[in-house]
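Heads up: the structure comes next, in C-alpha cells.
Where a number appears in this text, it was derived from the coordinates with a stated rule and is not lab data. In this text, all values refer to a predicted model and were calculated from it rather than measured experimentally. Please note: Cβ atoms are built from the backbone with ideal geometry, for glycine as well, and neighbour counts cover all protein chains shown.
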Amino acid sequence: MAKNSRIEAVERATGRSWDDWLAYFDSIGAAKLSHHEIATALIAELDGKVDNLGWWAQATAVAYEQHVGRRVPGQRPDGTFQTSVSRSTPLSMDALMQAWTDFAAADQAVLDMIVGEVRVSGTANRITWRAKARDAESIIVISEPKKDGTASLVVQCIGTPTLERNVEAKEAWTTITARFTAGL
C-alpha cells in the first residue's frame, strides 16, 4: 500500500474519517472504477460540503488510489508522473512572467530541456508559459498573484515516464528555479 500524506487533509476538509471514506469507496465499487468515475462520484458526494469541490473530489480520489496501491504519489491516472516547484517572489504577476520569459530564453539549462516553441498566455488570475520537453514531457510555468500584490512562480513538469525521471526533473527544476529567483 502506497503511503499517502494527503489523507489527513482529506479528513479535515471533508469532516469524514478515512475509515468512513473507505466504506464509501467500497459502497460504490471504486476498486473497479476508473479515476474519472471515482472523481465524478465524489463530486456528487461532496457537493455542498467543501469549498473548491472539483479539487477536493480529485484529491480524495487520488488519496484512495494511492491507498489501494493503484498509483504512487506524483503518479497521474495515465501512469506518467508529475512534479512541481514553487517559490514566492517580490515581483508582481506580470513582472514575474516577463522576468521568467527573459531568463528562460537565455538560460542554457532551460534551453537544453525544451523542444519547440514556447507559448505564453494569461488571464487576470494567472499567466502561463508552456513548452514541450524531452520524452513527451510538458513544462508549465505559472505566475500567480498573491494578496499582497506579489506573485508566486510555479514550475510543473508533467508526463515524466518513470518515478526516477520524476525525481531527476524535480531536482533539475529546483536548481533552475533557485538560480532564477536568486537573480530577482
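General remarks:
- Put the Cα centre of region 111-184 next to the Cα centre of region 1-68 and the gap is 28 Å.
- Potential lengthening between D107 and A136 on full extension [0.36 nm per residue; Cα-Cα distance subtracted]: 8.3 nm
- For S27, the shell of other residues with beta-carbons less than 12 Å away shows a net charge of -3, using +1 for Lys and Arg and -1 for Asp and Glu.
- Computed extension gain for S27 through K49, at 0.36 nm per residue and net of the alpha carbon distance, reaches 6.0 nm.
- Screening the chain for whole DSSP H helices with an alpha carbon extent of at least 15 angstrom along the helix axis and a mean Kyte-Doolittle hydropathy of at least 1.0 yields nothing.
- Residues R126, R12 arranged by fewest to most Cβ contacts within 10 Å: R12, R126
- Gaussian network model of the chain, Cα within-10 Å springs - most flexible of A133, A124, A172: A124
- Nitroxide proxy distance, nm - points 7 Å out along Cα→Cβ at R87 and V72: 2.8 nm
- In the chain, the DSSP-assigned H stretches of four residues or longer account for a calculated mean residue ellipticity at 222 nm of -14500 deg cm²/dmol, using -39500 (n - 2.57) per stretch and the full residue count as denominator.
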